[in-house]
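Visitor: Got a structure here, written out as structure tokens. Questions coming.
Readers should treat all values here as calculations from the given coordinates under stated rules, not as data from a laboratory. If you're wondering where the values come from, they're calculated on a predicted model, not measured in any experiment. We place every Cβ from the backbone using ideal geometry, glycine too, and count neighbours over all the protein chains shown.
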Amino acid sequence: MASISTKVGNFSIENPVILASGILDETSGSILRSLRSGAGAVVTKSIGISERAGYPTPVISEVKTGLLNAVGLPNPGIDNFVEEYKDFPEKKRTVVSIFGGSVEEFVTLSRRVEAAGFDKVELNLSCPHVQGVGSEVGQDVDLVEEIINEIKRRTNLQIWSKLTPNVTDIVSLAKASEKADALVLINTIRAIGVEIYSRKFALSNVVGGYSGPGIKPVALRAVYDVYKETGKDIVGVGGITTWEDAIEFFLLGARAIQVGTAFLYDDYRIYSDIKDGINKYLDSEGFSKLEDIVGVMVNNAARKGD
């Protein structure tokens with residue numbers, strides 16, 4: 001049987017299927033259940049400096065091709081998070097998502113995460129619906145570069161930079177993230193839902209993030225563009241619900257993938273369902289390991305161009 005183990009930065013992963021940030025809450029029990037159900041790794045919900053309640057309901061609206069959400073980054077704050085995960089047994093397979101409004105906030109959070117025994121952070125530079133953080137920070141190329149460089153300088157953490165698709169030039173953001181160990185592409189897309197009979201917006205915040213199968217072509221385009229221009233390690237996310245979707249991301253340069261909205265449809269089975277499909281595909285197509293197909297379509301196109 002083909003090997004599907006992979007490596008993102010210095011992180012070796014037995015199953016390339018990872019739980020995306022924002023799906024399960026910060027309780028350690030739900031995160032641990034994903035790992036014990038077969039996820040190669042997990043990403044926590046985004047943690048900030050202080051406790052945050054988030055937006056009033058409605059915060060989620062289902063559409064034909066996915067979900068709209070504007071939850072508002074609710075989280076317990078870094079103090080409560082550290083206490084909750086004090087005795088967590090799987091810190092090495094857990095990536096802590098953090099958000100902030102300044103370089104110093106990101107650095108402070110990173111140092112607290114490292115002191116708590118974790119060795120990886122995912123920088124939420126892409127939440128599309130909260131002012132002052134997320135994509136508002138993540139669209140500033142110079143600020144993105146400074147955040148990553150300062151975390152690298154002041155910690156020993158591995159850094160995953162999660163970039164916003166709500167820009168015209170995601171490659172520039174990727175190049176600004178050069179010192180990151182990996183890039184996560186993509187977060188949700190800014191969107192609006194309308195209820196025609198109540199004549200109200202579907203979300204209390206009006207604007208939310210769109211996720212699910214409908215954004216997969218956008219995510220694939222981002223992975224293709226960034227891999228072609230940078231060759232950096234990429235974790236693909238956005239509309240992945242089946243093993244076939246995962247293969248598409250690998251062929252364009254992703255070394256691992258994250259599942260988000262699909263988890264809500266398939267529950268904890270999603271990790272083994274996609275893993276089994278990847279294995280069967282590699283065997284049937286004559287590949288001995290996952291590495292054999294990572295970026296192969298982009299690399300082949302480049303060779304033809306030469």
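Visitor: In whole Å, how far is the Cα centre of region 13-74 from that of region 215-233?
Guide: If we compute the Cα centre of each part, the gap is 23 Å.
Visitor: Counting only DSSP beta bridges with both residues in the chain, what percent are antiparallel, rounded to the nearest 5?
Guide: Of those bridges, close to 40 percent are antiparallel.
Visitor: Can you work out the FRET efficiency for the pair ASP142 and ILE60, with r the C-beta to C-beta distance and R0 = 45 Å, to the nearest 0.05?
Guide: 0.85
Visitor: Let me ask something else. Between THR108 and PHE287, with labels modelled 7 Å along Cα→Cβ, what's the label distance in nm to one decimal, could you check?
Guide: Result: 4.4 nm between the two label points.
Visitor: Could you work out how much longer the chain between ARG199 and ASN300 gets when fully extended? Use 0.36 nm per residue separation minus the Cα distance between them, nm to one decimal.
Guide: Stretched out fully, the ARG199 to ASN300 stretch lengthens by 31.3 nm.
Visitor: Give me the extension gain from ARG33 to LYS179: residue separation times 0.36 nm, minus the current Cα-Cα distance, reported in nm with one decimal.
Guide: 49.4 nm
Visitor: Which whole-number value in Å³ per residue fits the convex hull of the alpha carbons of region 6-305?
Guide: Convex hull of Cα atoms, per residue: 126 Å³.
Visitor: Here's another thing I want to ask about it. Which lysines have a Cα less than 24 Å from the Cα of LYS175, not counting those fewer than 8 places away in the same chain?
Guide: Filter leaves LYS7, LYS120, LYS152, LYS162, LYS216, LYS228, LYS232.
Visitor: Using the Cα centre as the reference, give the magnitude of the dipole from point charges on the C-beta atoms of region 193-306 (Lys, Arg: +1; Asp, Glu: -1; all else neutral), rounded to the nearest 20 debye.
Guide: Computed about the Cα centre, the dipole is about 380 debye.
Visitor: In the calculated pair distance distribution of region 190-306, what percentage of Cα-Cα distances lie above 22 Å?
Guide: Roughly 44 percent, rounded to a whole number.
Visitor: Which residue, chosen from PHE287, ILE192, GLY40, occupies the Cα position most advanced towards the positive end of the dipole of the chain, where the dipole is computed from +1 (Lys, Arg) and -1 (Asp, Glu) charges on Cβ about the Cα centre?
Guide: Farthest along the dipole direction, towards plus: PHE287.
Visitor: Magnitude of the Cβ-charge dipole of region 6-305, K/R +1 and D/E -1, about the Cα centre, nearest 20 debye?
Guide: About 280 debye.
Visitor: While we're looking at this one, here's another question. Nearest 5 percent is fine: what portion of the DSSP beta bridges confined to region 174-304 is antiparallel?
Guide: The antiparallel fraction comes to roughly 45 percent.
Visitor: Let a ≥ b ≥ c be the square roots of the eigenvalues of the Cα gyration tensor of region 50-107; is it rounded (a/c under 1.5), or, if not, prolate (a/b larger than b/c) or oblate?
Guide: Because a/c hits 1.5 or more and a/b exceeds b/c, region 50-107 counts as prolate.
Visitor: Let me ask you something else. According to the square roots a ≥ b ≥ c of the eigenvalues of the Cα gyration tensor, what is the shape class of region 20-133, taking rounded for a/c under 1.5, prolate for a/b larger than b/c otherwise, and oblate for the remainder?
Guide: oblate
Visitor: Next question. Taking amide H positions as placed in the peptide plane 1.01 Å from N, state which residues far from SER46 in sequence (5 or more) or on other chains have amide H under 5 Å from it.
Guide: Excluding prolines and chain starts, which carry no amide H, the hits are GLY22.
Visitor: Something else about it: What FRET efficiency, computed as 1/(1 + (r/R0)^6) with R0 = 41 Å and r the Cβ-Cβ distance, is obtained for ARG221 and LYS86, rounded to the nearest 0.05?
Guide: Step by step, r from the Cβ atoms, then E = 0.50.
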